[in-house]
Amino acid sequence: MAAVGALSRIARLGSRICKNRVTLSGNSQKRGIAACIDPSHGLTDEQKEFQKVAFDFAANEMAPHMAEWDQKEIFPVETMRKAAQLGFGGIYVQPDVGGSGLSRLDTSIIFEALSTGCVSTTAYISIHNMCAWMIDSYGNKEQREKFCPDLCSMEKFASYCLTEPGSGSDAASLLTSAQRKGDHYVLNGSKAFISGGGDTDVYVVMCRTGGKGPKGISCLVVEKGTPGLSFGKKEKKVGWNSQPTRAVIFEDCAVPVANRLGEEGQGFNFAMKGLNGGRINIASCSLGAAHASVQLARDHLLVRKQFGETLSNNQFLQFKLAEMATKLVASRLLIREAAQALQEDRPDAVAICSMAKLFATDECFNICNQALQMHGGYGYLKDYAVQQFVRDIRVHQILEGTNEVMRMIISRNLLSES
């Protein structure tokens, strides 16, 4: 638990206030956070400590660069490695291979806090964590020792490769093939919309080693530099611009059988279990954006004057702000319940994770969008952070399973138990 110890030590040191932004650290009064939306409510002392570490890191190391990373499409490798020094490179990876060994709830708390500084960068860190966890959970001793330490330190970065040009929501129909030839698999096919693609070092790839359907899918770890591995052009995106997105292409790409996680045919199950946690993680990133946007909107209403008085005196806007705060807290409670359910491997975990992802990503986007509206024309300027929160979290309603698919999972669970 060395990384956890590091988190606690750093938390006790405290940190300076970021001059250019409201810092979300310390107690609620010092942070300027209204008690009703304080994200530290209900947390243990240890959780409050690493939440403070994450909020301070977001305010000091991420928020001042968020706009530049977005505009210049910078992948902030060194900043992420600093985050890894705090234990954020393998938050729920086991300590024996360099992870922090924290819970799903702890992870959600950290990602919410980091996202107040930069959603796009935090979202990539969450995907990287999911990949490291998959290798840690389903890899053998040799695979865990080979890959996990460098991933947890973020000396190497990982990408998750499931989606293909012809298989998005219908992931079980993927076509990327892996034919076994001796002690290697020969991969052919392509993956689409891969976060970090081309810049990362390790690719956790779902591929078809058997027949049609989910039982024919296996999971291979492909390392950058493998002959036959190449990448498409860097995509131009609405948001998530601090992480590159490219197609990942396999052309007679020979991967050692030793790089297969688990047995043949287990890949789809691994992928879905990874996504259950990924849905909580991405919902937590939306939560951080919404939390920051509520504060930005409140601060704007207190200083912006129209018709001879501040906007904070307008009852319509007061009610809108109240609705935003209520939906923020409701989202946080549902996400944390889902994290607990997944940690405990409860029977309802898949459905609750889907509910959390559906509700939180929808409502948090609405919160950010309403915050932009409250800013008027200023909210549409890139000098104001609220527009970037809107752009960055819009995609959260699409990835890790679209919110339409979340509705399918939830309704299937309800009807199967009737």
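Listing for the model above:
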{"quantity": "Difference of contour (0.36 nm per residue) and Cα-Cα distance, S169 to H184", "calculated": "2.5 nm"}
{"quantity": "Sulfur and carbon atoms: percent of accessible area, the chain [1.4 Å]", "calculated": "53"}
{"quantity": "Length released on extending from Y378 to S177, taking residue separation times 0.36 nm less the Cα-Cα span", "calculated": "67.4 nm"}
{"quantity": "Average Cα contact separation per residue, segment 268-416, under 8 Å, 6 or more apart, as relative contact order %", "calculated": "33"}
{"quantity": "Two-site label geometry, T44 and M272: point separation in nm, points 7 Å out along Cα→Cβ", "calculated": "3.2"}
{"quantity": "Segment K237-Q318, length gained on full extension (0.36 nm per residue, minus Cα span)", "calculated": "25.8 nm"}
{"quantity": "Karplus 3J(HN,Hα) series, Hz, for segment 112-118 with 6.51 cos²θ - 1.76 cosθ + 1.60 (x for Gly, Pro)", "calculated": "4, 5, 4, 5, 5, x, 5"}
{"quantity": "Spacing of the two label points (7 Å from each Cα toward its C-beta) at T326 and V77, in nm", "calculated": "4.9"}
{"quantity": "Relative packing of peptides 362-374, 208-220, 123-135 - highest average C-beta neighbours within 10 Å first", "calculated": "123-135, 362-374, 208-220"}
{"quantity": "Nearest 10 degrees, 0 to 90: helix 385-394 Cα axis against the chain principal axis", "calculated": "40"}
{"quantity": "For V93, residues with placed amide H under 5 Å, excluding near neighbours", "calculated": "S100, G101, L102"}
{"quantity": "Contact order normalised by residue count of the chain, Cα under 8 Å, 6+ apart, percent", "calculated": "15"}
{"quantity": "Å² of accessible area per residue within the chain, as computed with a 1.4 Å probe and no ligands counted", "calculated": "42"}
{"quantity": "HN-Hα J in Hz across segment 70-76 - Karplus 6.51, -1.76, 1.60, θ = phi - 60°, x for Gly and Pro", "calculated": "5, 5, 9, 6, 8, 8, x"}
{"quantity": "Segment 158-264: relative contact order in percent, alpha carbon pairs under 8 Å with at least 6 residues between", "calculated": "32"}
{"quantity": "Which of I91, Y124, A385, positive extreme of dipole for the chain (C-beta unit charges)", "calculated": "A385"}
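The values are calculated or read from the model by the stated rules, or taken from the named source; none is laboratory data. Since we're looking at a predicted model, the values are computed, not measured. Quick reminder, even Gly has a Cβ in these numbers, built from the backbone with ideal geometry, and neighbours come from all protein chains shown. For accessibility, only protein heavy atoms count, side chains too; no ligands or nucleic acids. Shrake-Rupley method; radii C 1.70, N 1.55, O 1.52, S 1.80 Å.
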